[in-house]
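Take a look at the structure set out below.
Please treat every number below as a calculation from the coordinates, not as lab data. Since we're looking at a predicted model, the values are computed, not measured. Don't worry about glycine lacking a Cβ; one is built from the backbone with ideal geometry, like all the others, and counts go over all protein chains shown.
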Amino acid sequence: MDESIHDAKEANSTKLIEHLNKEGINKPIDLVYTWVDGNDLEYQKLVNKYSEKPLDLNPERYRDLFELMKYSLRSVEKFAPWINHIYIFTCRPQKPDWLNVDHPKISVVHHDEVFDEQDVPTFNYNVIESYIHKIPGLSDDFIYLNDDFLFGNEVHPQDFYTKDGKVLIHGTLFGENLGWRIYNKKNDIVGLGLIEHSPLLIRKEWWQGMQDSRPELIDEIKSHKFREGTDVMTYKLYRWYALKHQSEHCRAIKLPELLKIHSFHKITNNLKKQQRAFQWLEKKQPKFYCLNDDQGETPNMEVVQIVREFLANYYPESSRFEI
């Protein structure tokens, strides 16, 4: 990246942080990614060793056709330079081969550094997410992203807090805290992927509190090496817990408000629909968006090329997080 561009970004970031301090938002905010390299042959052997049914080997769960986290990190540097520190949470010994591990703002943390011994290895992201708040050195409030979440426009702490410091909860319809929505059931009403695949501001105390409030649900997911349809979804459980038990300290972003700043897009094999969708996404430039791989076992490579070109055009500059 051009040094003058980077220096300008650093100066703008400093000004923004000074402004936020005046507004009372002066706490460091870290960011956590969960990530896995599904192309790693040793990892594939490990998955095959523990898998018991075909769904466990669903390639959509592990593959990365687009190096999405690389572009997500570019989006952080471009649109959220105020982020304090970035943690990549993955299984040992993985790390992205393009990652600059010497960058002072990046840490790769492996599951066995944080997990209870009996939970290693796991291929169930609900289990992985249940441990994210225990990453050493993590800020009290942090943003959690899957590796297919990106920033598409300028993002500020005010997108995660109200003016009086309450935590904004993304991912509900109208602020409901309905217990029946916390499971991974294949039902559009329960799933609501359109809005739930969005960034989450997590308060570590609340993340632990949600687990303490329903320990039987956490014990159940930890008994599953792979995701099950009956698993509680930790990010849904957190929203439920916050809105039910921390209602004085948070506020839900209602659906009409969320859709102004967030987009959820499924990448399918329909070439024409994908062409239109990515043209629309480039025009809208939402603050947050998710590119969800839904191409099955045989991806349409013409669609793959569309996505790769979109990302390269949207984020043309390498970040300092890359080698």
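Helical runs assigned H by DSSP (4 residues or longer) give the chain a calculated mean residue ellipticity at 222 nm of -10500 deg cm²/dmol, each run adding -39500 (n - 2.57) before division by the residue total. Run the numbers on the range 49-158 and let me know its relative contact order in percent, using alpha-carbon pairs under 8 Å that are six or more apart. RCO, the range 49-158: 35 percent. Hey, what did the range 253-322 get for relative contact order, percent, Cα under 8 Å, at least 6 apart? For the range 253-322, the relative contact order is 39 percent.
The stretch between ARG308 and LEU255, if pulled fully straight at 0.36 nm per residue, gains 16.1 nm over its current Cα-Cα span. Report which label in [x] 0.97; [y] 1.04; [z] 1.13 holds the value of Cα Rg over 2.2 N^0.38 Å derived from the coordinates of this structure. Answer label, from the structure shown: [x]. Which whole-angstrom value gives the distance between the alpha carbon centres of the range 28-82 and the range 268-322? Using only Cα atoms, the two centres lie 16 Å from each other. Note on the range 23-160: Rg/Rh from C-alpha atoms, Kirkwood Rh, equals 0.98. Modelled spin-label separation between LYS204 and LYS53, with each label point placed 7 Å from Cα along the Cα-to-Cβ direction: 3.7 nm.
Under 5 Å between amide hydrogens, built in the peptide plane, is the criterion, and for GLU322 it picks out ASN100 among residues at least 5 positions away or on other chains. One decimal place: the segment MET301-ILE323 gains 5.2 nm when fully extended, by the rule 0.36 nm per residue minus the C-alpha distance. Cross-link check: pairs LYS27/LYS105; LYS78/LYS284; LYS78/LYS254; LYS45/LYS225; LYS70/LYS95; LYS78/LYS134 evaluated at a Cα-Cα cut-off of 19 Å; pairs beyond the cut-off: LYS78/LYS254; LYS78/LYS134.
Each residue in TYR314, TYR238, TYR50 was given a count of other beta-carbon atoms within 10 angstrom of its own, and listing them fewest first yields TYR50, TYR314, TYR238.
Contact order, relative form, for the chain: 23 percent (alpha carbon pairs under 8 Å, 6 or more residues apart, mean separation divided by residue count).
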